[in-house]
1. Do the conditions hold for Pro203, that is, is it over 21 Å from Asp250 (Cα atoms), open to solvent by 10 Å² or more (accessible area, probe 1.4 Å) and either in contact with a helix residue (DSSP H, G or I) (Cβ under 9 Å, 6 or more places away or on another chain) or of a type in the set (Val, Ile, Thr) (or both)?
2. Taking Thr263 as meeting all but one of (1) in a loop (DSSP other than H, G, I, E, B); (2) more than 25 Å from Val68 (Cβ to Cβ); (3) at pLDDT 95 or above; (4) not aromatic (Phe, Trp, Tyr), write down the number of the exception.
3. Mind counting the residues in the stretch 124-180 that are among the hydroxyl-bearing types (Ser, Thr, Tyr), farther than 27 Å from Lys322 by Cβ and open to solvent by less than 50 Å² (accessible area, probe 1.4 Å)?
4. Within the stretch 144-174, count every residue that is without any contact (Cβ under 8 Å) to a residue 24 or more places away in the chain and among the polar types (S, T, N, Q).
5. Hey, Thr46 hits all of (1) open to solvent by 30 Å² or more (accessible area, probe 1.4 Å); (2) of a type outside the set (A, V, I, L, M); (3) more than 17 Å from Thr253 (Cβ to Cβ) but one; which does it fall short on?
6. Can you spot a residue in the stretch 25-41 that is within 27 Å of Gly289 (Cα to Cα), modelled with pLDDT of 90 or more and in contact with a Phe, Trp or Tyr (Cβ under 9 Å, 6 or more places away or on another chain)?
7. Which ones in the stretch 229-250 are hydroxyl-bearing (Ser, Thr, Tyr) and at pLDDT 95 or above?
8. Conditions first: (1) small (Gly, Ala, Ser); (2) closer than 30 Å to Pro43 by Cα; (3) out of contact with any Lys or Arg (no Cβ under 7 Å at 6 or more places or on another chain). Ala198 passes all but one, so which condition is the exception?
Amino acid sequence: MVRLFSGGARALAIAATALACAAAHAGEAYPSKPIRFIIPYAPGGTTDIIARLVGQKLTEDLGQQVIVDIRAGAGSMIGTELAAKSPPDGYTMLLSNIGLAFNETLYPKRTYDALRDLSPISLVGVTPNAFVVHPSVPANTMKDFLAFAKARSGQLSYASGGIGSSSHLSMELLQSLTGIKFNHVPYKGAGPALIDVAAGNVPFQLNSMPAVMNHVHSGRLRALAVSSAKRSQAVPDLPTIAESGVPGYDYVTWYGMLVPAHTPAAIISRLNAAVQKALGSKDVREKLGAQGVEVQGSTPDAFGKLVKTDVEKWRKIINTAKIKAE
């Protein structure tokens, strides 16, 4: 049985054993009915796009319809809670992203624990952020910008999609590693924030590559670096923040699939195999690549370790910066 980490009450272990036995008794019957694929974010975003592309391939491989179920709201907690509290029978899956790790600290009163109540299936892919500035900013490289900002620590403002968002926390990480202070201007969504940066109302931001690259190509924004540890396959000439004078900086938004905790190991293995097959198909890789998503499959254990590591990493950053969710 695969879990994000070991532990749990004796009663839960007994229940899990009973479920595993029931699944084994069913034998090759799984799956024998449609599978619900919960997306805890609004439609049209990267998570939704991934779910529909991968879900179609899973339908073909598993022989049962994989039905995308959008359950957005409350910082993704509505859909996540629904998945965490569903029966662990393999008929409910969740596609989440790095926000799953953020929320473990940002929302202490949530009704689920991601490390206790969800089991990993596989990492699906990652998307780095791009550091972009308005053309009026006198910096053509990330090194130039850092020197410019260091001389004006506490004076420059950046836009984000809101408190606790990817564009916010990736900047908090930059501040913690450089010691440079920036003023945070939160918006109600990454879209409005990006519009104001492109208009020159706020000088810069870190935002997802799929969101910013059209503005970069049009000249409305200047891209200085990517946030991942390695250069992006989509823009290999763009340096990383780490190689631009901030060693150790590494931020990507990961996307991964999970199921309710105590889902039998045989079902997790079957789903993982189907996901790896889907991610290996040329059309899925090309279509996700066009969205700026770098496809990365994994074992359940590897994805589980990533989630646990990020929960601890971002807990320290969020608590140190005294970030409180809206």
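1. Details: over 21 Å from Asp250 (Cα atoms): yes; open to solvent by 10 Å² or more (accessible area, probe 1.4 Å): yes; either in contact with a helix residue (DSSP H, G or I) (Cβ under 9 Å, 6 or more places away or on another chain) or of a type in the set (Val, Ile, Thr) (or both): yes.
Answer is yes for this residue.
2. All conditions are met except number (2).
3. Here is the first cut: in the stretch 124-180, the ones among the hydroxyl-bearing types (Ser, Thr, Tyr) are 127, 136, 141, 153, 157-158, 160, 165-167, 170, 176, 178.
Restricting the remaining residues to those that are farther than 27 Å from Lys322 by Cβ gives 127, 136, 141.
From the residues that got through so far, the ones that are open to solvent by less than 50 Å² (accessible area, probe 1.4 Å) too are 127.
Result for the stretch 124-180: 1.
4. 0
5. (3)
6. So far as the stretch 25-41 goes, yes, one or more of its residues are within 27 Å of Gly289 (Cα to Cα), modelled with pLDDT of 90 or more and in contact with a Phe, Trp or Tyr (Cβ under 9 Å, 6 or more places away or on another chain).
7. Narrowing the stretch 229-250 to residues hydroxyl-bearing (Ser, Thr, Tyr): 232, 240, 244, 249.
Thr240, Ser244, Tyr249 - these are the residues of the stretch 229-250 that are hydroxyl-bearing (Ser, Thr, Tyr) and at pLDDT 95 or above.
8. (3)
The values are calculated or read from the model by the stated rules, or taken from the named source; none is laboratory data. In this text the structure is predicted, and so the values were computed from the model without any measurement. Methodologically, a virtual Cβ is constructed for each residue, glycine included, from the backbone with ideal geometry; neighbour enumeration extends over all protein chains shown. Side chains included, ligands, DNA and RNA excluded: accessible areas come from the protein's heavy atoms. Shrake-Rupley method; radii C 1.70, N 1.55, O 1.52, S 1.80 Å.
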